[in-house]
There are 2 protein chains.
Amino acid sequence: MQVSEFSQLTGVSSHTLRYYEKIGLLKNVRRNASGHRDYAEKDLAWMAFIQRLKATGMSLDNIQRYSEYREQGDVSLVARKQLLEVHKSQLESYIQSQQSHLAALQDKINHYHQQIND
Amino acid sequence: MQVSEFSQLTGVSSHTLRYYEKIGLLKNVRRNASGHRDYAEKDLAWMAFIQRLKATGMSLDNIQRYSEYREQGDVSLVARKQLLEVHKSQLESYIQSQQSHLAALQDKINHYHQQIND
DNA sequence: GATTGACTTAGAGTTTACTCGAAGTCGTAA
DNA sequence: TTACGACTTCGAGTAAACTCTAAGTCAATC
């Protein structure tokens, strides 16, 4: 599929897709006879994972590191697993901190509620 | 207290403190005879709340809006409460999404685990 | 009276992650 | 055969949130 369809399916603009390729997140994107990008099914899955990593606060820089590992094939399985484990534990403590922020917000809201008496 | 101590206590650099004042997050900071900032206890509490809002993903722009309300006094209590309630519900769904990302990461890690057989 | 250290302002520079624009190529449809 | 739409590259521009620099002031200390 070409860029417009891929963009549609992933929700990422064609500009951003080219940018991601330039900085090494997407690699080895196929080209058709006239030099246009021709994305494969597996690019969709990888792009979805990129989006997940990004949504959990991983920098494009780190995602790029993971992308490098991916390219190296099976020799990097352990490294990739470790990278994800570190990221996962960071995410866990991040979620915990967000939960305590949430509780503090609720307290503040309750406080306003008392002051307002509505 | 002056800027260096306030910076120490809040963990925010003096540059950033001045920046926050410039964009209207911190307002009416007292000055001493020689024109130096002289932060009060209540500035500490407000700064802590700014940091909490920021940590939960609120933009400085929105925090500034809240800061305006604060300055208006009691007439804005309802507005402030509403702003926090909106933010709180956004935070709740954000935490939920992070939790589902976390589960997906665990799945991926398990998958690597199987492949590695360690 | 000179030096030091902490402050002041205004404005320029940095980082991350896009986002856009210009100029050009290619295949199809009128 | 020319017009179109979708693509291409390269490089410049943008937004948010800092971060730093330069030049200057002021109080205290040597």
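For this structure, a couple of remarks:
- A probe of 1.4 angstrom, applied to the heavy atoms of all protein chains, finds B:K88 with accessible area near 40 square angstrom.
- Straight-line cross-link partners of B:K42 among the aspartates and glutamates, defined as a Cα under 20 Å from its Cα and at least 8 positions apart when in the same chain: A:D107, B:E5, B:E21, B:E68, B:E71, B:D74.
- Mean projection area, nm², convex hull over Cα of the stretch A:3-116: 10.0
- For the stretch A:22-74, the fraction of C-alpha pairs more than 15 angstrom apart is 51%.
- Distance between modelled label sites at A:D61 and B:S34, nm, 7 Å Cα→Cβ extension: 3.9
- Loop-located trypsin sites (Lys or Arg not before Pro) in the stretch A:1-76 (DSSP state not H, G, I, E or B) with no more than 15 neighbouring Cβ atoms inside 10 Å: A:K27, A:R30.
- Residues of the stretch B:53-67 buried by at least 40 Å² of accessible area upon assembly of all protein chains, compared with the chain on its own (1.4 Å probe): B:A55.
- Largest accessible area first, the listed residues B:L9, A:L77 line up as B:L9, A:L77 when surface is computed with a 1.4 Å probe on the assembled protein chains.
- Residue by residue along A:73-81, Cβ atoms of other protein chains within 10 Å of the local Cβ number 3 on average.
- Magnitude of the charge dipole for the stretch A:3-116, about its Cα centre and with charges confined to Cβ atoms of Lys, Arg (+1) and Asp, Glu (-1), is about 200 debye.
- Other residues within the sphere of radius under 12 Å centred on the Cβ of B:L83, judged by their own Cβ, net out at +4 (K and R +1, D and E -1).
- Overall form of the protein assembly as shown per C-alpha gyration tensor (a/c, 1.5; a/b vs b/c): prolate
- Shielding value for A:104-116 is 5, the average number of Cβ atoms from other chains within 10 Å of each residue's Cβ.
- Secondary-structure-derived ellipticity at 222 nm for chain A, considering helices only, amounts to -24000 deg cm²/dmol, per-run term -39500 (n - 2.57) for DSSP H runs with n ≥ 4.
- Area accessible to solvent at A:V3, 1.4 Å probe radius, in Å²: 30
- Once the Cβ-Cβ distance of A:A48 and A:D107 is raised to the sixth power relative to R0 = 45 Å, the FRET efficiency obtained is 0.75.
- Each Cα pair under 8 Å and six or more residues apart adds its sequence gap; the mean of these over the residue count of chain A is a relative contact order of 19 percent.
- Computed with a 1.4 Å probe on the full set of protein chains, the accessible area for B:S100 sits at about 70 Å².
- Charged-residue dipole, Cβ positions (Lys, Arg, Asp, Glu), the protein assembly as shown about Cα centre, Debye nearest 20: 480
- Farthest toward positive dipole pole in the stretch B:3-116 [+1 Lys/Arg, -1 Asp/Glu at C-beta], among B:Q90, B:V12, B:S34: B:S34
- Gap separating the Cα centres of the stretch B:31-99 and the stretch A:1-50, nearest whole Å: 40
- Contact surface B-A: accessible area buried, both sides summed, square angstrom, 1.4 angstrom probe: 3300
The values are calculated or read from the model by the stated rules, or taken from the named source; none is laboratory data. From a predicted model like this one, the values you see are computed outputs, not experimental measurements. Cβ atoms come from the backbone with ideal geometry, glycine included; neighbour counts cover every protein chain shown. These accessible areas exclude ligands, DNA and RNA; they are computed on the full protein's heavy atoms, side chains included. Shrake-Rupley method; radii C 1.70, N 1.55, O 1.52, S 1.80 Å.
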